[in-house]
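To start, the structure itself, in structure tokens.
Only the coordinates and a few stated rules stand behind these numbers; no lab work does. For clarity, every value in this text was computed on a predicted model and none was experimentally measured. Positions of Cβ are backbone-derived with ideal geometry, glycine not excepted, and every protein chain shown enters the neighbour counts.
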Amino acid sequence: MSLSSFLLLFFGGIVTGTFGAMLGLGGGVFLVPFLALAFGLPMHQAIATSIVAVIATSSAGAAMNVERRVVNLRFGMLLEIATVCGAILGGVTANLLSGPTLARIFAVLLLSVAFMMIWRTRRLKSEDGATSQNGTFPSSFRDEATGTVVSYTVRRVPLVMLVSIVAGNISGLLGIGGGIFKVPAMHMISGVPMKAAAATSNFMIGVTAAASAFIYFAHGHLNPFIASPAVLGVLGGSFLGISINRRIKGTALTWAFVVVLLLVSVKMFWR
Amino acid sequence: MTLEMKSTESPGPQHVINRWISHVLRFGVWSSAALMVAGLLVHWLSRTVAPAPTENPAPGEVLRRLFSTSVDDVTLMYAGLLLLMLTPVLRVLTSVVGFSVERDRRFVVVSLVVLVMLLAEFFFSLHLAA
């Protein structure tokens, strides 16, 4: 491997990992288009690399969130049954589809992620704090920003399990975490506070991604010379993104990325 | 209410599972990152021009080569990637043990279901590859 391609992969990983963490999207949404468009990697290899990077960022983040008890362990473990089923199906399906078909499906995903982001900035803020006390999986965590203890319970579990199957399926098929769909579902349907929903979703993503990673590995899509620098870059980038996030807040940033997502989506479709 | 808040603050036996899971995840991420960095360093320092592998080796083969005297760059990187892929499996295994310590039978079963699905799929994938 030439030094230039190593550097391109490593810094590409850092940039995509940073943006992903800043927007709460995880690394995959930007890493897959980067590997496929800028690096010219076949779609299956791009997805395989991304899914391993997703395991890394999810595990690193979850180690912190589990210790702080922001993750609802029991609820997460139950939903993992659903996401793993979805992910296995997604991984198997992806290996039956052609590269160009996967690229088109990915383009549609980017489009829906862009819409989810617009909707998220408009809708979710006003919903914060709407927790319920008469559901299942009672849990509480200390909100570091306000210093208060937030207690809540979980409502309508079967419905969120259904969403989780779909999220797991998209994750396995396209090499992303799927948090963009799970977090709003856990918050809006089940009444889980945003911080706990994001932490619990991220906690589940590692297991979901591992499920399909084995399939891509078995099909020989994981090139260590490409995956190692990219994964290390994304991991470093995710820490950078989290620390930038603590300082900068703003919807202007979200809108800028919505435009980027739309452009990348068009580019992926007519690759 | 005050009692409830106290119970979430104290690190009782209930939260042992959180600490264990956290340790397992940290161990997995940092050891695999170290293996990948080592692999890349060996690659650049030895300047071997080994061709990029066209198919992924069996995990057993990677493990055998890792502990042999002829450990090379590709083996180190594969070991890192495989350890990373197995980290979530180790985390689920830790949950099984943790929930049994907490005597939460329902969630021992839930964790076991996830573990069995992951392991079955892991071995099935390998069988398919071979």
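When the Cα positions of A:Gly20, B:Val29, A:Leu41 are compared along the charge dipole of the protein assembly as shown, A:Gly20 comes out farthest toward the positive end, with charges on each C-beta of Lys, Arg, Asp and Glu. Taking Lys and Arg as +1 and Asp and Glu as -1, the other residues whose beta-carbon sits under 13 Å from that of A:Ser265 total +3.
This model, with +1 at the C-beta of Lys and Arg and -1 at the C-beta of Asp and Glu, gives the range B:50-130 a dipole about its Cα centre of some 380 debye. Over the range A:151-199, with a single point scatterer placed on each C-alpha, what log10 of the ratio I(q)/I(0) does the Debye formula yield at q = 0.26 1/Å? Reported log10 I(q)/I(0), two decimals: -0.92. In chain A, the ratio of gyration radius to Kirkwood radius, Rg to Rh, stands at 0.96 when only Cα atoms are counted. Our summary of shape: the Cα atoms of the range A:23-69 have principal axis extents of 41, 19, 10 Å, ordered from largest down, in whole angstrom. Each Lys and Arg contributes +1 and each Asp and Glu -1, all at the Cβ; summed about the Cα centre of the protein assembly as shown, the dipole is approximately 780 debye. Working ranking of peptides A:200-212, B:96-108, A:63-75 by packing, defined as the average number of other Cβ atoms within 10 Å per residue, highest first, is A:200-212, A:63-75, B:96-108. Amide H contacts under 5 Å for A:Ser132: A:Thr153, restricted to partners 5 or more places along the chain or on a different chain, H placed in the peptide plane at 1.01 Å from N.
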